[in-house]
């Protein structure tokens with residue numbers, strides 16, 4: 001099993017909680033089994049924007065410093081951008097250039113993932129302080145420009161079907177993206193923001209989506225290697241995702257049936 005966990009924000013908070021330097025905390029995480037880091041909490045790597053949308057998160061410099069420390073500790077990571085709120089194209093350009101500069105220094109990013117802002121249930125949009133997300137044209141262009149701006153240092157551009165929808169993901173695969181992620185299990189963040197996509201997309205559906213663009217799918221590992229034959233076979237016989245069943249912890253009985261807790265359950 002490959003463990004892909006801990007955003008730069010979580011790493012920073014974890015190190016501070018234990019009173020450890022970030023680099024030492026990351027080395028301990030790696031020794032305990034951490035494989036790679038998600039490059040989330042990046043939002044827009046420009047403090048002019050971050051002061052508005054995420055003042056309680058890391059600054060641009062802090063996010064980049066954690067990622068540099070992770071790469072130096074031998075942990076690779078993704079890199080993301082969440083765009084289409086209070087930002088402008090100049091902020092997107094700064095973000096891309098900062099990711100490129102760190103990649104030139106460390107080579108630690110595995111892929112770049114554009115994430116269009118999903119506004120519907122977010123406080124900043126409901127208060128009238130942000131756009132209603134990027135246009136479809138802007139979202140497609142973000143994938144295309146990222147391909148140009150990051151080449152040849154970072155060559156994997158991933159499109160998110162959760163953010164773009166399956167039809168939008170196909171458009172991005174024809175406009176610079178070479179990677180499609182992922183199958184997911186009970187995705188909740190994007191759906192909580194008001195999106196209709198998410199939850200799960202099985203391997204067969206992903207393969208069909210890719211073939212619909214005239215391209216041939218290839219399953220990969222987290223680090224873009226080739227999975228062993230048994231993992232390729234296992235992916236094609238995965239059972240459909242079952243709905244979560246939530247239970248009340250304090251009463252020990254099901255919200256729906258009142259039955260006592262038993263087996264593997266999700267506790268709330």
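The values are calculated or read from the model by the stated rules, or taken from the named source; none is laboratory data. Here the structure is a predicted model, which is why all the values come from computation and not from measurement. Reconstructed Cβ throughout: ideal geometry from the backbone, glycine too, with neighbour counts over all protein chains shown.
For the reader, a short list of remarks on this structure follows.
- Residues considered: 118, 90, 66. Of these, the only one that is more than 26 Å from residue 15 (Cβ to Cβ) and crowded, with 22+ Cβ neighbours inside 10 Å is 118.
- Screening the candidates 194, 165, 176, 214 for the property of being on the phi > 0 side of the Ramachandran plot, surrounded by 13 or more Cβ atoms within 10 Å (Cβ to Cβ), at pLDDT 90 or above and out of contact with any helix residue (DSSP H, G or I) (no Cβ under 8 Å at 6 or more places or on another chain) yields one hit, 165.
- Where residue 204 falls short, out of the listed (1) at pLDDT 75 or above; (2) under 25 Å from residue 118 (Cα atoms): (2)
- Count - residues of segment 113-144 that are closer than 15 Å to residue 95 by Cβ and touching a residue at least 60 places away in the same chain (Cβ under 8 Å): 2
- Single unsatisfied condition, residue 28 versus (1) in contact with a helix residue (DSSP H, G or I) (Cβ under 9 Å, 6 or more places away or on another chain); (2) without any contact (Cβ under 8 Å) to a residue 24 or more places away in the chain; (3) under 30 Å from residue 126 (Cβ atoms): (3)
- Selection status of residue 75, within 11 Å of residue 26 (Cβ to Cβ) and surrounded by 20 or more Cβ atoms within 10 Å (Cβ to Cβ): yes
Yes/no per residue for (1) within 21 Å of the chain's Cα centre (by Cα); (2) surrounded by fewer than 21 Cβ atoms within 10 Å (Cβ to Cβ); (3) within 19 Å of residue 223 (Cβ to Cβ):
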{"site": "18", "(1), (2), (3)": "no, yes, no"}
{"site": "22", "(1), (2), (3)": "no, yes, no"}
{"site": "37", "(1), (2), (3)": "yes, no, yes"}
{"site": "44", "(1), (2), (3)": "yes, no, no"}
{"site": "51", "(1), (2), (3)": "no, yes, no"}
{"site": "54", "(1), (2), (3)": "yes, yes, no"}
